[in-house]
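This report refers to the structure that appears directly beneath it.
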Amino acid sequence: MTFPALRERTGDRPETGPEVPHLQFTQLSPPEIREELRRWMAAALPGVTTGRSEISAPGSWAVFLADVAPAEGARLMPPRWNAEFAHLHADGSLHLALDPADHATFLSSGWGEKHPLYDRGINVVMLYAPRTEAEVEVAKKVIAASYTYATGHAPATGATAA
């Protein structure tokens, strides 16, 4: 899989917590941006169901594989490891499972960081909270890459379009 090209993220890196729960403290998403992203995730990713995250802080909203099986070899989020592949925090940041082959590209993009349990075998990275409509489009690309890793196929045409 080829990770999508991402435009450069502007501004300083946001402050995040060093431990679990791994949250973002500065440069948060406005409520309307969070709601737009939540609606998009529920509508643009076929075969998913949504609900409270099984692993994240209370108030986190997740997408789970429901009508589609996970791709062979995909390592999603605990506790089931085969259903939850992304969740949105109340601050607007997201945790996602990505193809391990894409981690270095994603992390060098400036759009996110490793989860505190990453080096303990948890296949999760943080995508910083989108602050603007342009950043929502970047978030959609990364979420689509997570979905593709989880399912083995890309979301419907136009799911990542601006």
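For the stretch 34-46, the set of residues classified as small (Gly, Ala, Ser), open to solvent by 30 Å² or more (accessible area, probe 1.4 Å) and in contact (Cβ under 8 Å) with a residue 12 or more places away in the chain consists of Ala42 only.
In the set (1) within 12 Å of the chain's Cα centre (by Cα); (2) among the aromatic types (Phe, Trp, Tyr); (3) more than 26 Å from Thr132 (Cβ to Cβ), the condition left unmet by Phe85 is number (3). Report, by residue number, each residue of the stretch 57-89 that is open to solvent by 20 Å² or more (accessible area, probe 1.4 Å) and either touching a His at 6+ places or on another chain (Cβ under 6 Å) or acidic (Asp, Glu) (or both). Asp67, Glu72, listed by residue number.
Among the residues of the stretch 90-116, those identified as open to solvent by 10 Å² or more (accessible area, probe 1.4 Å) and either touching an Asp or Glu at 6+ places or on another chain (Cβ under 9 Å) or of a type in the set (S, T, N, Q) (or both) are Thr105, Leu107, Ser108, Ser109, Gly110, Pro116. Tally time: how many residues in the stretch 2-45 are at positive phi and of a type in the set (A, V, I, L, M)? Residues that pass the stated criteria total 0.
Among strands (runs of 3 or more DSSP E) entirely within the stretch 47-142, having at least 1 residues that are farther than 19 Å from Leu28 by Cβ, in contact (Cβ under 8 Å) with a residue 12 or more places away in the chain and not basic (Lys, Arg) singles out 48-52, 61-65, 84-88. Out of the residues in the stretch 1-39 meeting the condition of being among the acidic types (Asp, Glu) and in a loop (DSSP other than H, G, I, E, B), tell me which one is nearest to Ala145 (Cα to Cα). Checking each candidate, the answer is Glu8.
The values are calculated or read from the model by the stated rules, or taken from the named source; none is laboratory data. Since this is a predicted model, take the numbers as computed values, not measurements. Cβ coordinates were reconstructed from backbone atoms using ideal geometry, including for glycine residues, and neighbour counts include every protein chain displayed. Side chains included, ligands, DNA and RNA excluded: accessible areas come from the protein's heavy atoms. Shrake-Rupley method; radii C 1.70, N 1.55, O 1.52, S 1.80 Å.
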